[in-house]
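Report on the structure given below.
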Amino acid sequence: MAVDIIKGTAKAWIRLSVISGTPAIISSYNMTGVTDQGVGSYRLTIASDFSSDDDAVPFGQALENNSANTAYIVTCDQVSLGITDMHVQTHDNTFQDEWSQMIWFGEQ
């Protein structure tokens, strides 16, 4: 997949819905898929990988039922080039299935 990249812009992003524990991509750019890894954990796969493992995930967000009333903590672990595990947690570190989004910046 050829991706037209401009320096300093987002290289990939994803927005997920989670209904009855099943994640689904609502919209995305440069992503090939999402896999459920358990409650509040999702494996995200980027289509056009970064040039090194120095890519950054500067922002992730999750909202209760897609509303701004309750926000959650979103963390991530880079599994390998192009694969990131995203985790959505409450303030007391309980994993939670919620609508979420993440954006990546880096060199491709």
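Structure values in brief
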read-out	value
Amide hydrogen neighbours beyond the local backbone of residue 32, cut-off 5 Å, H modeled	45, 46, 47
Karplus-derived 3J(HN,Hα), 6.51/-1.76/1.60, for each residue of segment 36-44, Hz, glycine and proline x	5, 10, x, 4, x, 10, 9, 9, 10
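Just so you know, all these numbers are worked out from the coordinates, no wet-lab data involved. Only a predicted model underlies this, so the values are computations on that prediction, with no experimental measurement involved.
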